[in-house]
Each structure stands twice: as structure tokens, then as C-alpha cells.
Amino acid sequence: MIDGGQGEAVRVPQAGGTLVPVPGSGHPDAVLKSLLALSDVMSTGHHATVMAGVKQGDTVAVVGDGAVGLCAVLAARRLGADRVIALSRHADRQKIARDFGATDIIEARGEEANQAVLDLTGGIGADAALECVGTAQSIATAAAIARPGSVIGIVGVPHGQVPFTEAFFRNVGWRGGPAPARIYIPELLGDVLNGTIDPGRVFDYETDLDHIADAYRAMDERRAVKSLVRIGAL
């Protein structure tokens, strides 16, 4: 049990293994948002980069411009990628992607998007493709833009068939799944506190418990990247 701040008791199952202490106190709101991002979207974007083996000097292509995809852009740059290609059709998300370190933006989809990535990479493809959506089209795009011999980091929950046949003949691998956020948080925490990364920027819509339906509607209609629900004063 922990104190909720106004005398309430909050039950946290398995708190000894799930909670991560944050050094210091009185952190500004922007930092608190980034700390919240570590519990989900930032760790998931980071997981995609780890699964794909992103390393210093790589060219990385990120499929998906939701909160996870944008955090994957940030994670790829954090791991030293020289070039990060973000596939995005929304101007507000493109801006965040660039602020997070994207060097190129591709607005096309399908075959046009595939060709655009190949054109940017001299016909070879990306050293790592990060699939952050899970639809049949996004999975197919990731498979098409990954260079031969590379690994696709897939963290979008698949909604369709993964095209293993196409990937097989180019020796492309697939790695991914649900992100083990608790493992990554200690590694990422210091970078949030010292201002190296600010994944909290993906929270661009705020509401309270009485308006959660509005928060989901805003994300569904692409009016929000990620919604934040405040319970009382922070």
C-alpha cells in the first residue's frame, strides 16, 4: 500500500518487483510525463530497437507514427543511429518525429512508401526496420524495406499474417513481442532525469477520469497521439 497523496491508500500488487523508485522530488510536469512514458510507450519503442539490434551508425526505418513509433525514433537515435526514416502522414506527428531525431519523413504508404525508403537507402533498405503498428500493411512494409540480412523489431500487436515467405528469401529475421518495461526502466530513467530524452512529449491530450471516453475518441480520430489522465493534483 502507498499513500495516494491526499490520504488515500493505493494498492500496488507485487510492488516489490514492479515499482521503480525515482530519485529526488519536486520534478516538473514535463519530467513526470516522461517518467510515465517509461512505463509503456517509451519502453516499447526501445524494445523494438533492442530486438532489431540497432547500433551506432545504422540507418533505421520506423513504421508507425503513434506514441510507440515516435518513441522508437527517439530510442533509435539514443542508440546511435545516424539516419532515422519515419513513415508518417500527420504534420503534428512529423514535427515530434523530427524533434526526436528523425532525419527523413516519408508520407507515402504501400508500394510507394517501400520505394521511397529504397530510394533513400541506395536500393538496399534499412539496417533495421521497426514495426510499431501491427496491421497487415505495416508488417508488409517493414518486411519490404528491411535490407537483406537485417532484423525487424516488431512490437505492434499483429492484426494480420506476418509475411515470412518474402522475408525468408532475403534472410530477414523477425524479433519482438510485448515489451518487458520493468527491465528497461532503470536504464532509461537517468536519461529522462538529466534531460537527454523527453518521451513525455507524446502526451498531447489531457483529461480526467470522467472524460476517459473523450481521450480514447481523440486518439481514435488522430486528434491526439497519446492521452494522459490526471487523477487529482500531481
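The values are calculated or read from the model by the stated rules, or taken from the named source; none is laboratory data. Treat the numbers as computed from the prediction; the structure is a model and nothing was measured. Because the Cβ atoms are built from the backbone with ideal geometry, glycine has one as well, and the counts that use them run over all protein chains shown.
For region 147-189, which positions are surrounded by fewer than 19 Cβ atoms within 10 Å (Cβ to Cβ), assigned to a helix (DSSP H, G or I) and at pLDDT below 90?
Phe164, Thr165, Glu166, Phe168, listed by residue number.
Taking only region 190-205 into account, find how many residues are over 20 Å from Val54 (Cβ atoms) and surrounded by 14 or more Cβ atoms within 10 Å (Cβ to Cβ).
Result for region 190-205: 6.
Can you name the number of the only condition in (1) out of contact with any helix residue (DSSP H, G or I) (no Cβ under 9 Å at 6 or more places or on another chain); (2) modelled with pLDDT under 95; (3) surrounded by 15 or more Cβ atoms within 10 Å (Cβ to Cβ) that Leu120 fails?
It is condition (2) that Leu120 fails.
For a quick check of your reading of the model, give me the residue pairs whose first member lies in region 60-81 and is on the phi < 0 side of the Ramachandran plot, whose second is among the basic types (Lys, Arg), with beta-carbon atoms closer than 6 Å and at least 6 apart or on different chains.
Asp65/Arg93; Ala67/Lys226
Go through (1) more than 18 Å from the chain's Cα centre (by Cα); (2) more than 30 Å from Leu35 (Cβ to Cβ) and name the single condition Ala215 misses.
That leaves (2) as the condition not met.
Which of the residues that make up region 60-92 are surrounded by fewer than 24 Cβ atoms within 10 Å (Cβ to Cβ) and over 18 Å from Ala224 (Cβ atoms)?
Selection gives Arg77, Arg78, Leu79, Gly80, Asp82, Arg83.
When you go through (1) modelled with pLDDT of 95 or more; (2) on the phi > 0 side of the Ramachandran plot one by one for Ala48, which number turns out not to apply?
So Ala48 meets the others, but not (2).
Which members of region 131-143 meet the condition of being more than 13 Å from the chain's Cα centre (by Cα) and surrounded by fewer than 22 Cβ atoms within 10 Å (Cβ to Cβ)?
Keep residues of region 131-143 that are more than 13 Å from the chain's Cα centre (by Cα), which gives 135-143.
Matches in region 131-143: Thr135, Ala136, Gln137, Ala140.
Only residues that are free of Cβ contacts under 8 Å to residues at least 60 places away in the same chain and of a type in the set (Val, Ile, Thr): list them for region 93-135, please.
Passing the criteria: Thr103, Ile105, Ile106, Val117, Ile124, Thr135.
Kindly evaluate Ala218 against the criterion of being of a type in the set (Gly, Ala, Ser), surrounded by 17 or more Cβ atoms within 10 Å (Cβ to Cβ) and closer than 24 Å to Gly101 by Cβ.
Numbers: of a type in the set (Gly, Ala, Ser): yes; surrounded by 17 or more Cβ atoms within 10 Å (Cβ to Cβ): yes; closer than 24 Å to Gly101 by Cβ: no.
Spelling it out, it is not the case that Ala218 is of a type in the set (Gly, Ala, Ser), surrounded by 17 or more Cβ atoms within 10 Å (Cβ to Cβ) and closer than 24 Å to Gly101 by Cβ.
Show the residue pairs meeting these rules: Cβ distance below 6 Å; 6+ apart or different chains; first residue within region 9-20 and surrounded by 10 or more Cβ atoms within 10 Å (Cβ to Cβ) and part of a helix (DSSP H, G or I); second residue at pLDDT 80 or above and not hydroxyl-bearing (Ser, Thr, Tyr).
Listed by first residue and then by second, the contacts come to nothing, as the list is empty.
What's the total number of residues in region 82-92 that are hydrophobic (A, V, I, L, M, F, W, C) and either out of contact with any helix residue (DSSP H, G or I) (no Cβ under 9 Å at 6 or more places or on another chain) or without any contact (Cβ under 8 Å) to a residue 40 or more places away in the chain (or both)?
Filtering region 82-92 for residues hydrophobic (A, V, I, L, M, F, W, C) gives 84-87, 91.
If we keep only those that are either out of contact with any helix residue (DSSP H, G or I) (no Cβ under 9 Å at 6 or more places or on another chain) or without any contact (Cβ under 8 Å) to a residue 40 or more places away in the chain (or both) too, we end up with 84, 86, 91.
Total meeting the criteria: 3.
Let me spell it out: the conditions are (1) part of a helix (DSSP H, G or I); (2) modelled with pLDDT under 95, and Ala37 meets all of them except one. Which number is the exception?
Result: Ala37 fails condition (2) only.
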